[in-house]
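Engineer: Sharing a structure here in structure tokens format.
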Amino acid sequence: MTDHPQDLTQSHSLTSPESFWSHQASQLHWHKKPTTALSKTTKTLPSGVSHDHWAWFPDGEISTCYNCIDRHVLAGRGDAPAILYDSPVTNKKETYTYARLLDEVEVFAGVLREEGVKKGDVVLVYMPMIPAALIGILAINRLGAIHAVVFGGFASGALAQRIEASKPVAILTASCGIEGSKGPIGYQGFVEEAIELSEDELPWRPIRRMDGQRKWQALVKSCRARGWRAECVPVKSTDGIYIIYTSGTTGLPKGVLREAGGHAVGLHLMISYLFGIQGPGDVMGCYSDIGWVVSHSYTLYGPFLTGAATVLYEGKPVGTPDASAFWRLAEEYKINTMFTAPTALRAIRKEDPDNVHISRVGERGGLKSLRALFLAGERSEPSIITMYQDLLTKHAAPNALVIDNWWSSESGSPISGIALAPHAGKDRANPSSSSSTVQPLKIKPGSAGKAMPGFDVRVVSDSGEPLPPNTMGNIVLGLPLAPTAFRTLWNDEERFYKGYLKRFNGKYIDTGDAGVIDEDGYIHIMARSDDIINVAAHRLSTGQLEQAITTHPDVTEACVVGIPDALKGQMPFAFVSTSHGVATTKEKREKLFQEIQTLVRKQVGAIASLGGMIEGKGMIPKTRSGKTLRRVLKELLENAVDGEVDKELNVPSTVEDVGVVEVARGKVRGYFEELGRERHGSIEGRERAKL
Ligand code: AMP
């Protein structure tokens, strides 16, 4: 620990949570001010198990919608821009000021009230990235109801699962959504199908069946004509305001419940402290779909809590129309903080390997407002951080940074990162004071920064023992969690305990991630715990290996999984894509493999030598939110090793493109066929695992 403001803020938040969070809470409007920030108790589950429990601002009452909109308009800032909507897929651009946003939300909340939505009800939102989605969500919040936003790219099966789990009284949707350069996708049809699918299973009857469909615009028109609007309904600080389903790289989706008070206070701090967005005049550009937690927090609630503007982008990083989109937006809207997933930058790099687009915008001074590019969602390999850091240093605002930050649906905001405005933790009310000249902590590419206020991050062994610095282990969180984080799963206390607390006997929350904390307190997220490969009793992380592989100048993407090995238990196996397409001859493939093998041996160690490699394009499956589906490739390889390459795979409904899985299958089949031929000819008697 140093005496840098980020370290001091962190230590204050953990040693004196009451004073730290009371101060943060005082920055917001409360319908009933909390008398205490934190209360700690014990909870006993129906199964008889007890665990530590806590509550943030337990006796407070708050309306997040009021803090996001009404407060700014009442303070005379109604003319400030709130939503900067930009849609290359419909060729529309539109600005909503705070005054207009208030008007729209008040009226639409009136519509929902007239349709029977009450405080505590769940309303499901299945919408594209259009202003109506944000208006709908804020209107639900205005009534004290709970929203459950489902990513618009999900088809009816995944939607049905979420309808069954959240039991909404109403569903907000649009006739269609347009994803990238593909044609319109009929949302309405998916919703109807999903309701049909869930109908037989449901013990409840939704108040609006197909015959209960209502037209959004007609209802708004009618309420507006009658002057029918709804005021803010405050809720208890510990009441839920939304359910979000985790992205589902594993198992059935879990409904994470977000609570009112902690969410508002935590986000209000983080948007300025970590992201450097202080209020009116600042512009946030968070390129994530509203169906994901990142967008809930930093397209919607975070910027609005401070009165800043948010860019609502209905497009893709590439293809709408090309890889210049992000930089065009940064220039056009003078974005100060940009937030995306590393997978988006990889897609841009693939389309524009020489960075022609960003350089063109940068050279004409178009990126001068940009103070930071934040990356989250999965590990950012150092090569992508340093490449964009060099570009920002050249073209963006002075001292602009590329910042990796680590978080999850469960945490609600980053668990770690590098605070762009570290002074703001202490002196949030007066960001222009002299302390605002404090420089952020040093960036270490490959690390997701240091712990954020309220998160007590530790690395422990499988038996829960603390591990020394730089030792790979399970990353866990001490209790209580920070205010934005969850305390339970929607209607499933037992699953919360079993899924997160049981593994370490109720002492820590298991994040499911593995990595190290170094000697300076920097956190390095290396893999999901399930993705750790055990090679001859050495624990290797897939992230560490991918990091080494991507230092090869031709490699644009790498994905490493473990395959069974008769001698060592497991061996790492790599799937790689290169910038100049697939090697055409066996010699070229072999040369690339040897070069990569050398990098792995040098950077990680001989123990990590790859057991094989497949080179190709479009064969690494991702979830809709951009996370690599390693377990699918792993299953595919395991099947191939057993001679069952065509066996059906367990592909989660969150997969972005099932076609990619089939490309991978074809590649794996080809690899094993070639290997079989070779082995037949020459590798006689060689015990090279099952391979
Ligand atoms: P989700 O709840 O769907 O947002 O997924 C959360 C998971 O994404 C985390 O548990 C990590 O495995 C991964 N993740 C998010 N941000 C990062 C990051 N900056 N570095 C590495 N992994 C990340």
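Read-outs throughout are calculated quantities, based only on the coordinates presented, and are distinct from any laboratory measurement. From a predicted model like this one, the values you see are computed outputs, not experimental measurements. Cβ placement follows ideal geometry from the backbone for every residue including glycine, while neighbour counts extend to all protein chains displayed.
Engineer: So who's got an amide H within less than 5 Å of the one on Gly291, skipping anything under 5 residues away but keeping other chains? H placed 1.01 Å off N, in plane.
Structural biologist: Amide H to amide H, under 5 Å and 5 or more residues apart or across chains, Gly291 pairs with Gly152.
Engineer: Run the dipole for region 534-690 about the Cα centre, Lys and Arg Cβ at +1, Asp and Glu Cβ at -1, nothing else charged, and hand back the magnitude in debye, nearest 20.
Structural biologist: Charge dipole, region 534-690, about its Cα centre: 360 debye, nearest 20.
Engineer: Considering only DSSP beta bridges whose two residues both sit in region 252-384, what percent are antiparallel, to the nearest 5?
Structural biologist: 0
Engineer: Local charge sum around Phe339 (other residues, Cβ-Cβ under 15 Å, Lys/Arg +1, Asp/Glu -1)?
Structural biologist: Charge balance near Phe339 sits at -3.
Engineer: Where both partners of a DSSP beta bridge lie in the chain, what percent of those bridges are antiparallel, to the nearest 5?
Structural biologist: Counting DSSP beta bridges with both partners in the chain, the antiparallel share is about 65 percent.
Engineer: As a test of understanding, state the convex hull volume per residue of region 1-41 from its alpha carbons, in Å³.
Structural biologist: With only Cα atoms used, region 1-41 gives 72 Å³ per residue.
Engineer: If you don't mind, another one. Amide H to amide H, which residues 5 or more places from Leu38 or on other chains are under 5 Å from it, using H placed in the peptide plane?
Structural biologist: Phe57
Engineer: Go from 0 up to the bin containing the longest alpha carbon distance in the chain, width 20 Å each, and give me the % of pairs per bin.
Structural biologist: 18, 53, 27, 3, 0
Engineer: Still on this structure, I have one more. Please identify every one of the trypsin sites (Lys or Arg not before Pro) in region 24-123 that sits in a loop by DSSP and has no more than 14 other beta carbons within 10 Å of its own beta carbon.
Structural biologist: Sites meeting the loop and neighbour criteria: Lys118, Lys119.
Engineer: In debye to the nearest 20, how big a dipole does the chain give about its Cα centre with +1 on each Lys and Arg Cβ and -1 on each Asp and Glu Cβ?
Structural biologist: Approximately 800 debye in magnitude.
Engineer: In percent, how large is the relative contact order of region 534-690, given Cα pairs closer than 8 Å and 6 or more residues apart?
Structural biologist: Here the relative contact order equals 22 percent.
Engineer: Dipole of the chain (Lys/Arg Cβ +1, Asp/Glu Cβ -1, origin at the Cα centre): which of Tyr313, Ala558, Gln217 lies farthest to the positive side?
Structural biologist: Gln217
Engineer: Related question: With just the Cα atoms defining each centre, how far is region 79-155 from region 344-385? Give it in Å.
Structural biologist: Using only Cα atoms to place each centre, the spacing works out to 30 Å.
Engineer: While we're here: Can you check what the net charge comes to around Leu219, using other residues whose Cβ is under 10 Å from the Cβ of Leu219 (Lys, Arg +1; Asp, Glu -1)?
Structural biologist: Counting the neighbours of Leu219, the net charge comes to +2.
Engineer: Taking square-rooted eigenvalues a ≥ b ≥ c of the alpha carbon gyration tensor, is region 524-657 rounded, prolate or oblate, where a/c under 1.5 means rounded and, failing that, a/b exceeding b/c means prolate?
Structural biologist: rounded
Engineer: Once amide H atoms are built 1.01 Å from N in the peptide plane, which residues 5 or more positions from Leu489, or in another chain, come under 5 Å H to H?
Structural biologist: Those qualifying (amide H under 5 Å, at least 5 residues apart or on another chain) are Phe496.
Engineer: All other residues with a Cβ under 13 Å from the Cβ of Val361 taken together, and with Lys, Arg as +1 and Asp, Glu as -1, what is their net charge?
Structural biologist: Result for the neighbourhood of Val361: +1.
Engineer: If you take every DSSP beta bridge whose two residues both sit in region 547-678, what share of them, in percent to the nearest 5, is antiparallel?
Structural biologist: Percent antiparallel among DSSP bridges in region 547-678 is about 75.
Engineer: From the phi angles alone, apply the Karplus equation (6.51, -1.76, 1.60; θ = phi - 60°) to region 521-533 and give each ³J(HN,Hα) in whole Hz, x where the residue is Gly or Pro.
Structural biologist: x, 7, 9, 10, 8, 9, 5, 5, 3, 5, 8, 6, 9
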